[in-house]
Structures are given as C-alpha cells and as structure tokens.
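For reference, the structure discussed in these notes is given below.
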Amino acid sequence: MPYNQPHEDTPIDVICQFTKDGIIIPLKIRMPDDEGELQVYKVKTYKEMPVITGMRTGMENAAFECRIEVYGRIKTIQIYYTSFSRTWKYKRI
C-alpha cells in the first residue's frame, strides 16, 4: 500500500533494540514506498506514547511517535505493537 495514501493499521516490519530494563527502542522501519516497493527507513527520533490497552484482547501494547526521512523530507508516523498478535502497525499523522 503506498505510503502517501490515507490508511490506518498498516502492518510493517520494525527492527528495535530491547534494553535490559525492558525498554523498546525502534531503530528501523520497513514499509512500502509510493510504488509499493518495500523500503527501509531509519528512525531519526522517537517518543514513547502512553500504553494502549487492546479493545479486543485486553493485552497491553507499545506505542511510539517516530520521525523518519522519506525522499529527503521528515515524516511523523505512529507505530504500535500488539502483543496478542505479535505485530507492528502504523498510522501516518
């Protein structure tokens, strides 16, 4: 799905670091570009958002607001991890 189209809950691949204290640090995100080809974007900055409780599962999720560089421009997206399905998804802000 092209990056510039409005959509929510788009599955993505995330490479992250886990500290010994259980803190998650997103490092890279892989998602489709405008042509639908998978591209890897380095997370320039991130901010952890309040933990969300899944409506269907009651499981806790991790959520982040990340800034990535896409075609020379900084874009802000929200990514979140659902522990029940063990998937990462994103929303463009």
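A short reminder: the numbers here are calculations on the coordinates, not readings from a lab. These figures come from a predicted structure and were not determined experimentally. Using ideal geometry, Cβ is built from the backbone for each residue, glycine included, and neighbour counts are taken over all protein chains shown.
Between D13 and R30, what is the spin-label point distance in nm, taking each point 7 Å from the Cα along the Cα→C-beta axis?
Taking the two extended label points, one gets 0.1 nm.
Need one number: nm distance between label points at K20 and K47, each 7 Å from Cα along Cα→Cβ, rounded to one decimal.
So the two model labels end up 3.0 nm from each other.
Ordered by packing density, taken as the mean number of other Cβ atoms within 10 Å over each peptide's residues, highest first, how do 17-23, 61-67 rank?
The most tightly packed comes first, giving 61-67, 17-23.
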